[in-house]
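Report on the following structure.
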Amino acid sequence: MRPRRPGDRRTGRPVRRRDGDVARAPVMETELTIDSIAAGGDGVGRAEGMVAFVPRTAPGDVVRARLQSAGRFARGVLDAVVSPSPVRVAPPCPHYERDRCGGCQLQHLALEAQHEAKRRIIEDSLSRIARREVAVPPVVASPREWRYRRKLTLAMRRRGSAWIAGLREFDDPDAVFALQDCPITDERVVAAWRAIIDAAELLPRDARELRGAVRLLDDASVAFTLEGGERWPTAERFFDAVPAIAALWWQPAGATRRRLMLDRRSDAAPGASFVQVNPQVGALLADAVVAAAQSHAPRTVVDAYAGAGDVALRLAEAGARVVAIELDAEASAYSASRLPAGSRAVAARVEDALPEALPAELVIVNPPRAGLDAQVTATLEAALQGAGPAPRALLYVSCNPATLARDLARMPSWAVRRVQPFDMFPQTAHVETLVELVPASPPPEPSA
């Protein structure tokens, strides 16, 4: 290995560490074999006694890369694939290589290799972080490999007098390129984004940067949520200029989100709240959650991070009394409007509302990527230690194997009965996981 001056040979940019800070260590050029895929999608190999992370590489690749050391680890820039892996494929999206798009991380892997990489990421996280030796089964495939996303969030930047909307480069989070197409996103969402950019002169004029999200509502209409700016006097003209938008939401800088426009095509369903981006896999996952829940025949259920209440409604209609906890007020109100008598929705933080909602025979948690608050894991752990009735099972739906494993490490009284991953996000390094947990020690039978 020989030292080189820092900098990306192709772009001239400094090689960056994962935290975005410019690395100070000398750059060393070497050849190495990629063994596996790390949680963020980088290929992992070993060189000069270090574990090296090299983006856009595949297991089995022999590559030439420039590495910068950070102790026992190194961050690399791929210079060339010396010998390609049999699982390497040509990525079909031109943005992936030309613009170094960070939206996908695994387009250069065959789909079966993506599934195996995700399965191993989950298994490694459970073993290394949670200290749970669990055999993770194959990933449930998405019915669609492409055009599955019904929601697309883009960064928006002024370029002179015009606006662009796009994604960030994987090795430079400050750089945004103009997106022409996104092959993992539904064409109707992409078409709506093009119409929004065509009407961009009607966006807030006091902002240099904005963030927008388009969500498909039905075959012809979308909801659009804009973040940023302080004044938007042209909002109504913008709404009229983009006929595909059925609901318009705006979150001004430093303020709360509010709905500005709603036309007659849009029903009462929340258009700006969380939704699974892959509806087909979302349905498979919901079916699996309901089936796992019903296998325990619960009479009382807490559904935490319940969203619009789809799972809560199904369990309530099957006869359970459900408490659906959701912080998003709009989603919680929609959930409350659908739940039958005996069940209820609570608009609150889960860490605040869960203690009062217990005891329950079954608990479901579906947190964001940050995972469960420490107060939530403490409450769930205490639920098995207290004098009251203990839950029969806990169902944890996770979109982040690392925070899932961290949370399981905090709950040693819960034993993993089953793990099932779902490919909610093909072409990316993200994966959805359903974990069924039961008390490690069965609760005592109630006395006669």
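Check the stretch 136-154 and report whether any residue there is more than 20 Å from ALA255 (Cα to Cα), assigned to a strand (DSSP E or B) and modelled with pLDDT under 95.
no
Just one of ASP206, ASP181 is surrounded by fewer than 16 Cβ atoms within 10 Å (Cβ to Cβ), at pLDDT 95 or above and in contact with an Asp or Glu (Cβ under 9 Å, 6 or more places away or on another chain); which is it? Outline the logic, then answer.
On the way: ASP206 fails: at pLDDT 95 or above.
Answer to the selection: ASP181.
Quick check on the stretch 52-81: of everything there that is of a type in the set (D, E, K, R) and over 23 Å from PHE425 (Cα atoms), which residue is most open to solvent (accessible area, probe 1.4 Å)?
The initial filter retains those residues of the stretch 52-81 that are of a type in the set (D, E, K, R), namely 56, 61, 64, 66, 72, 75, 79.
This time we only want the ones that are over 23 Å from PHE425 (Cα atoms), so: 61, 64, 66, 72, 75, 79.
Numbers: ASP61: 0, ARG64: 91, ARG66: 7, ARG72: 168, ARG75: 39, ASP79: 43 Å².
Restricting to residues being of a type in the set (D, E, K, R) and over 23 Å from PHE425 (Cα atoms), the top hit is ARG72.
Let's see how each residue does on (1) surrounded by 18 or more Cβ atoms within 10 Å (Cβ to Cβ); (2) in a helix (DSSP H, G or I):
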| position | (1), (2) |
| --- | --- |
| LEU354 | yes, yes |
| PRO359 | no, no |
| THR379 | yes, yes |
| GLU436 | yes, no |
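Just to verify a result, which residue in the stretch 376-416, among those that are among the hydrophobic types (A, V, I, L, M, F, W, C) and within 22 Å of GLN276 (Cα to Cα), is farthest from the chain's Cα centre (by Cα)? It would help to see each step written out before you state the result.
So in the stretch 376-416, the residues among the hydrophobic types (A, V, I, L, M, F, W, C) come out as 376, 378, 380, 382-384, 387, 390, 393-395, 397, 399, 402, 404-405, 408-409, 411, 414-416.
So of that shortlist, the ones also within 22 Å of GLN276 (Cα to Cα) come out as 394-395, 397, 399, 402, 404-405.
On the way: LEU394: 21, LEU395: 18, VAL397: 12, CYS399: 5, ALA402: 12, LEU404: 13, ALA405: 16 Å.
Step by step, filter the stretch 376-416, then rank; the result is LEU394.
Residues of the stretch 82-111 being small (Gly, Ala, Ser), crowded, with 18+ Cβ neighbours inside 10 Å and without any contact (Cβ under 8 Å) to a residue 60 or more places away in the chain, which ones?
The one that is small (Gly, Ala, Ser), crowded, with 18+ Cβ neighbours inside 10 Å and without any contact (Cβ under 8 Å) to a residue 60 or more places away in the chain: SER85.
So is GLU227 surrounded by fewer than 18 Cβ atoms within 10 Å (Cβ to Cβ), closer than 20 Å to ALA253 by Cα, in contact with a strand residue (DSSP E or B) (Cβ under 8 Å, 6 or more places away or on another chain) and not hydroxyl-bearing (Ser, Thr, Tyr) or not?
Numbers: surrounded by fewer than 18 Cβ atoms within 10 Å (Cβ to Cβ): no; closer than 20 Å to ALA253 by Cα: yes; in contact with a strand residue (DSSP E or B) (Cβ under 8 Å, 6 or more places away or on another chain): yes; not hydroxyl-bearing (Ser, Thr, Tyr): yes.
When the stated conditions are applied, GLU227 does not pass them.
So, of the residues in the stretch 112-130 that are farther than 15 Å from ALA141 by Cα and over 20 Å from the mean Cα position of the chain (by Cα), which turns out to be surrounded by the most Cβ atoms within 10 Å (Cβ to Cβ)?
Here the residue is ALA130.
Could you grab me the full set of residues in the stretch 223-253 that are part of a strand (DSSP E or B) and either out of contact with any Lys or Arg (no Cβ under 9 Å at 6 or more places or on another chain) or not aliphatic (A, V, I, L, M) (or both)? Before the answer, list the steps.
Keep residues of the stretch 223-253 that are part of a strand (DSSP E or B), which gives 223-227, 245-251.
Of everything in the stretch 223-253, those that are part of a strand (DSSP E or B) and either out of contact with any Lys or Arg (no Cβ under 9 Å at 6 or more places or on another chain) or not aliphatic (A, V, I, L, M) (or both) turn out to be PHE224, THR225, GLU227, ILE245, TRP249, TRP250, GLN251.
Within the stretch 136-143, is there a residue that is in contact with a strand residue (DSSP E or B) (Cβ under 6 Å, 6 or more places away or on another chain) and either surrounded by 20 or more Cβ atoms within 10 Å (Cβ to Cβ) or free of Cβ contacts under 8 Å to residues at least 12 places away in the same chain (or both)?
Here is the first cut: in the stretch 136-143, the residues in contact with a strand residue (DSSP E or B) (Cβ under 6 Å, 6 or more places away or on another chain) are 136, 139-140.
Still in the list and also either surrounded by 20 or more Cβ atoms within 10 Å (Cβ to Cβ) or free of Cβ contacts under 8 Å to residues at least 12 places away in the same chain (or both): 136, 139.
Among the residues of the stretch 136-143, at least one is in contact with a strand residue (DSSP E or B) (Cβ under 6 Å, 6 or more places away or on another chain) and either surrounded by 20 or more Cβ atoms within 10 Å (Cβ to Cβ) or free of Cβ contacts under 8 Å to residues at least 12 places away in the same chain (or both), which makes the answer yes.
Test ALA165 against the criterion of being within 30 Å of VAL77 (Cα to Cα), of a type in the set (Gly, Ala, Ser) and in contact (Cβ under 8 Å) with a residue 24 or more places away in the chain, and give yes or no.
Working: within 30 Å of VAL77 (Cα to Cα): yes; of a type in the set (Gly, Ala, Ser): yes; in contact (Cβ under 8 Å) with a residue 24 or more places away in the chain: yes.
Here the answer is yes, as ALA165 does meet what is asked.
Which residues, taken from the stretch 398-427, are in contact (Cβ under 8 Å) with a residue 40 or more places away in the chain, touching a Pro at 6+ places or on another chain (Cβ under 8 Å) and among the hydrophobic types (A, V, I, L, M, F, W, C)?
VAL419, the sole residue that qualifies.
Which condition from (1) open to solvent by 30 Å² or more (accessible area, probe 1.4 Å); (2) of a type in the set (Gly, Ala, Ser); (3) modelled with pLDDT of 95 or more is the one that SER161 breaks?
It fails just one condition, (3).
I'd like the residue in the stretch 381-394 that is farther than 18 Å from LEU434 by Cβ, in a loop (DSSP other than H, G, I, E, B) and touching a residue at least 24 places away in the same chain (Cβ under 8 Å) and, out of all such residues, is most open to solvent (accessible area, probe 1.4 Å).
Just the residues of the stretch 381-394 that are farther than 18 Å from LEU434 by Cβ, to begin with: 381-390.
Filter once more, so that each one left must be in a loop (DSSP other than H, G, I, E, B): 383-390.
In the following step, the residues that additionally are touching a residue at least 24 places away in the same chain (Cβ under 8 Å) were identified as 383-385, 388-390.
Values: ALA383: 20, LEU384: 37, GLN385: 118, GLY388: 46, PRO389: 96, ALA390: 31 Å².
Across the stretch 381-394, the extreme among qualifying residues is GLN385.
Rundown of residues vs (1) in a loop (DSSP other than H, G, I, E, B); (2) in contact with a Lys or Arg (Cβ under 7 Å, 6 or more places away or on another chain); (3) open to solvent by less than 30 Å² (accessible area, probe 1.4 Å), yes/no style:
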| site | (1), (2), (3) |
| --- | --- |
| SER332 | no, no, yes |
| SER337 | no, no, no |
| ALA341 | yes, no, no |
| THR403 | no, yes, yes |
| ARG406 | no, no, no |
| PRO421 | no, yes, yes |
| THR428 | yes, no, yes |
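Read through the list (1) surrounded by fewer than 21 Cβ atoms within 10 Å (Cβ to Cβ); (2) of a type in the set (A, V, I, L, M, F, W, C); (3) part of a loop (DSSP other than H, G, I, E, B); (4) at pLDDT 95 or above, then give the number of the only condition that ALA220 fails.
Single failed check for ALA220: (4).
The values are calculated or read from the model by the stated rules, or taken from the named source; none is laboratory data. Since this is a predicted model, take the numbers as computed values, not measurements. With ideal geometry, Cβ positions are generated from the backbone for all residues, glycine too; neighbour counts draw on all protein chains shown. Note: areas computed on protein heavy atoms with side chains; ligands, DNA, RNA excluded. Shrake-Rupley method; radii C 1.70, N 1.55, O 1.52, S 1.80 Å.
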